[in-house]
Each structure stands twice: as structure tokens, then as C-alpha cells.
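What follows is a single structure, written as C-alpha cells, with notes after it.
The values are calculated or read from the model by the stated rules, or taken from the named source; none is laboratory data. If you're wondering where the values come from, they're calculated on a predicted model, not measured in any experiment. Using ideal geometry, Cβ is built from the backbone for each residue, glycine included, and neighbour counts are taken over all protein chains shown. What goes into the accessible areas is simple: the full protein's heavy atoms, side chains included, and nothing from ligands, DNA or RNA. Shrake-Rupley method; radii C 1.70, N 1.55, O 1.52, S 1.80 Å.
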Amino acid sequence: PVHRHAHRRRTAAGAARPHDPVLLPLSNAVHHHQLAADALASPHSALIVTSAEALRALADIGSPAQIDRNIRLFAVGEKTAAAARSAGFVNIHTGHGDGAGLADLIASKLENPAPPPLYLAGKPRAGSLEIRLEDLHLSVRVAEIYEMIPVDYRPEEIDERLRSRPPHAVLLYSREN
């Protein structure tokens, strides 16, 4: 498993103007490379991603040849689509930012796909995509290729980080935080 922090540094850099941010991550991503490689080795008609973290999880699996960058990829929104483009994918269909809407887009583009599309998912996640796909009678294979693990700080660690620079605001990266 690999931990990634680049997105936190970008968030902090954007927030830094004209502030001095204190990073206090509440969770870390753990990538499951073998699960990702196994999922990609199975037949699938398209890929579905609802987070750029899924694409970061793909970056470190074995050979890049294991990933068909020309396959149809459905991204939940523009940021995830941009991450897919950066990862070399070229056939990207972009939703409007929520799982239910992405499911509708998938259903409009894939009619009775065989084999089913592969959802490269994380844990925890909202279930709106899977619920809507089920409502649309569209099969999907789910592979949980990363997991967000809560960081367990000791109270003195938090106090140490904030003592010299008490925060004026708190920015949360996700709903779960």
C-alpha cells in the first residue's frame, strides 16, 4: 500500500494566498495495487471513476501495459476527468459531479454492455452511483482499489501543530472529514 499527499499540498498551496496553512490530514489513502491489477485483468467494457484517488491508485500498479488508456472511461466530474487525462486516458465521458447523474450518463452511452463496466472505487464512498445503476438495471463490477484510513492524532500532536499558529478558519477536503 502507498500513501499519497500531493492533493493536500495543492489544496494548501491554493489556500496559502495570503494565509499560512497548517496541514492536519484527517485521513490517508491506502492503495491496493494487486486488487487494481486483478480487476483490470478481468474483462470489462468501460471504466468508471468517481475520484481522482482511484487514478492515483492505478499509477503505481505493475506494467502500464495492463491499462488500456483507450477504453471508455466515465468520470464523475471535471476534476476526475482532468486526472484521467493526466493519466493518459483519451476516451473520457464526464458527468456533472454526482453519482446518480454519472449513472444516467453511463446508461445513455452503454446499452446492455457485456462484459459489465468496472467501477474503480474507494472505501468509504457514497452509494448513489451503484443505487442508480441498479435502478437502471445496468450491471457493474466494483473493485475497491483504495481505502481512506482515518488518522488517529494524539491530543498533544494537535496542540503542538496549532500552538504557534492558531487557525482562523478550517478547510475540510471532503464530506467524510
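Evaluated on the range 68-129, the Kirkwood hydrodynamic radius is 12.2 Å, with distances taken between all distinct Cα atoms. Per residue, the accessible area of the range 20-177 comes to 57 Å² when a 1.4 Å probe rolls over the protein heavy atoms. Once all protein chains are placed together, residue 165 keeps about 90 Å² accessible to a 1.4 angstrom probe. Applying 1/(1 + (r/R0)^6) with R0 = 30 Å to the Cβ-Cβ distance of residue 30 and residue 111 gives a FRET efficiency near 0.25.
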